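Okay, structure first, notes after.
The values are calculated or read from the model by the stated rules, or taken from the named source; none is laboratory data. This one's a predicted model, so the numbers in the text were calculated from it and none came from an experiment. Here the Cβ is made from the backbone with ideal geometry for all residues, glycine too, and neighbour counts use every protein chain on show.
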């Protein structure tokens, strides 16, 4: 069944660091810094003042506008600061700091919701929105918006994205092994909201344990489902298989038009972690206050997957895994291909953080850049079918409108061209610069 | 903030393949053909090869030095390959100064005046060869028999024999002779098996794609099989035309030169077919018995326009 997409690379996966260990529960930090703009869209607006006492799970900032998402307290304690702080996306954003004295009850007590089966679509969407759920794959697009497509877009398929093509990261893989039942329940809720009968779980063919776990649970629950079909789509291991447009091409053989959205070809893609969060919100009434992340790299003493409260500072997480073997030289939020390097460890985990990667000095050698020899490797690997080398020349000469005509806006910055370039040209730097300079009309 | 970590734009890992690595892989893939050439024509060929490589390196170093650029460019492997390919394209009997002059011209005029590596329009080694061919045509068309043949000097490569209709002589050359290199010809072009071994290595490494060599050789085979002059259509000896001359060397090692061939897959197919048609036409209708080098040079000139008209459509492209 699996189709394929054009381009892509095969980087070493480095997933064995954290492939087999169970996802651990992090210790509860004494302080969290919760950014109010963790999602795509307008930032949330604070509802609490400095000095206020909050309990874990309490709403502390409300959504502003449709494409936005509320924010909840992730520990119990006192609000001590509301000010701009650094966030993983390399910018300062208004954040709420909560500090606990250590004697509060930090356990979130889920209030099991009764009669979940009888909830209407609108009620379900409201629950998901009020729980502050956003896409946990990294882009952090508010999930309730994605689940309410305009009336004129007929949706016939939902793809659950468990591809996790980024090297090093394994948190989605572990979730599929450890909590397949909850993930399926979350998927069922989303299928119900969208009125969709065809659902798929996309997994790369190197994650056999996850494929096995999901297929097992699908078989076990077959009798309980009515008409919804669930299929595990086993895809070729190739980066960036998990990119939204590529996973749709691979699973359904549909091409999302340039500049369009998945709903233009009748499907919605959600991360497996998001499905889990949807399940917890609907069945347990639990807002998005924690998520699973991968803490990994050769410098780390005990690489592992852990559940972390949103807003936990990286410097506190270091204590949870027992420190470093080697001094890290680079700290990356996300994977090595698309992750964002941080200058400090005082950065909070946000809803969109899928992993933290520590690279030592000898792993980040930056080879000297040489001239383009027109080998065409970047064209062979670009999943969007662009010509990075030609675009690079255009951006270098500041021919931005020409770069636009050659499709520079389609680049989603997967970094495959930079990975493969034998001349070690930082093509993505030029792409990003060129995209920022695209003339308006 | 107690300490600061290194910050850079993603991706944070890159592949191990570098320009230098590719260049040296091409160098090593050319070595077997050179060994075969030296074995067949004697140790003098080795001196010719060394003279060409040294001259290429010295020319490169002189120009890089004069322009005050980093000397590491000299040893990126590209100059050595240019020298090597130039020597491989020479008859074994040329005087020792000819590879020196040829390499100088190839590097200085063929490559450096355009701006160096990555900027040249024409394959530098072929520019050098074309220069020598025009300047000293007698040296460039005087051939030697393999060491073990009694009369050392001959006027005829297999293609010359064919061109001048000395078909009686052709019977002495079997496909096996053409494969192992038991025939007169240029130093590096004769031993097809050695060339194919080198090309296979580059294929396995993924440094060259099938597009150019396959379409090039297939076009030459098809056209020479289909159009066989008076003997009638579809009677040509395709194998003979593929194995004789410099087609294997040209198709795998010179037409595939990254810098001077099109970027995309579609462009490469057009390039290969163009090279094949031109090679056939030069062999058939022009004054020279062999057309590989001029065919590649002409298609080199067409590369920018091929690139322009085969610019790929991106994912989800739609008509505006």
> In the list B:232, B:276, B:236, B:250, which residue meets the criterion of being in contact with a helix residue (DSSP H, G or I) (Cβ under 7 Å, 6 or more places away or on another chain), more than 14 Å from every other protein chain (Cβ to nearest Cβ) and modelled with pLDDT under 90?
Replying inline: B:236
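Do we find a residue being more than 14 Å from chain A (Cβ to nearest Cβ) and on the phi > 0 side of the Ramachandran plot anywhere in the range B:166-182?
Taking the range B:166-182 and keeping what is more than 14 Å from chain A (Cβ to nearest Cβ), we get B:166-182.
Add one more test, that the residue is on the phi > 0 side of the Ramachandran plot, and what stays is B:181.
Within the range B:166-182, one or more residues are more than 14 Å from chain A (Cβ to nearest Cβ) and on the phi > 0 side of the Ramachandran plot.
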>> Looking only at helices (runs of 4 or more DSSP H) that lie completely in the range A:384-441, which have at least 2 residues being crowded, with 24+ Cβ neighbours inside 10 Å?
In response: A:388-396, A:416-420, A:427-436
> In the range A:248-264, what residues are touching a residue at least 12 places away in the same chain (Cβ under 8 Å) and either within 25 Å of residue A:205 (Cα to Cα) or more than 11 Å from every other protein chain (Cβ to nearest Cβ) (or both)?
Replying inline: A:248, A:249, A:250, A:251, A:252, A:253, A:254, A:256, A:262, A:263
> Residue check, residue A:408 against (1) farther than 30 Å from residue A:174 by Cβ; (2) without any contact (Cβ under 8 Å) to a residue 24 or more places away in the chain; (3) within 12 Å of chain B (Cβ to nearest Cβ), all met but one. Which one?
Replying inline: (2)
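Hey, among A:283, A:200, which residue is more than 14 Å from chain B (Cβ to nearest Cβ) and surrounded by fewer than 23 Cβ atoms within 10 Å (Cβ to Cβ)?
Working: A:200 fails: surrounded by fewer than 23 Cβ atoms within 10 Å (Cβ to Cβ).
Exactly one residue qualifies, and that residue is A:283.
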>> Any residue that is within 30 Å of residue A:240 (Cα to Cα) and either outside any strand (DSSP E or B) or in contact with a helix residue (DSSP H, G or I) (Cβ under 7 Å, 6 or more places away or on another chain) (or both) - is there at least one of those in the range A:91-114?
In response: yes
> Would it be correct to say that residue A:29 is within 25 Å of residue A:238 (Cα to Cα) and in contact with a helix residue (DSSP H, G or I) (Cβ under 7 Å, 6 or more places away or on another chain)?
Replying inline: no
> Does residue B:84 fit the bill of being in contact (Cβ under 8 Å) with a residue 40 or more places away in the chain, crowded, with 20+ Cβ neighbours inside 10 Å and assigned to a helix (DSSP H, G or I)?
Replying inline: yes
> Tally time: how many residues in the range A:419-436 are more than 15 Å from residue B:13 (Cβ to Cβ) and more than 7 Å from every other protein chain (Cβ to nearest Cβ)?
Replying inline: 7
>> Just to check your reading of the model, which residue among B:127, B:138 is under 16 Å from residue B:59 (Cα atoms) and not in a loop (DSSP other than H, G, I, E, B)?
In response: B:127
>> Looking at (1) assigned to a helix (DSSP H, G or I); (2) in contact (Cβ under 8 Å) with a residue 60 or more places away in the chain; (3) more than 9 Å from chain B (Cβ to nearest Cβ), which one does residue A:352 not meet, given that it meets all the others?
In response: (1)
> Taking the range A:355-394 as the search range and keeping residues that are touching a residue at least 60 places away in the same chain (Cβ under 8 Å) and over 30 Å from residue A:35 (Cα atoms), which one is farthest from the other protein chains (Cβ to nearest Cβ)?
Replying inline: A:381
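Give, as residue ranges, the helices (runs of 4 or more DSSP H) completely inside the range B:200-297 that count at least 3 residues that are surrounded by 24 or more Cβ atoms within 10 Å (Cβ to Cβ) and over 15 Å from the mean Cα position of the chain (by Cα). Give the derivation first.
Values: elements: B:211-226, B:238-243, B:265-285.
Result: B:265-285.
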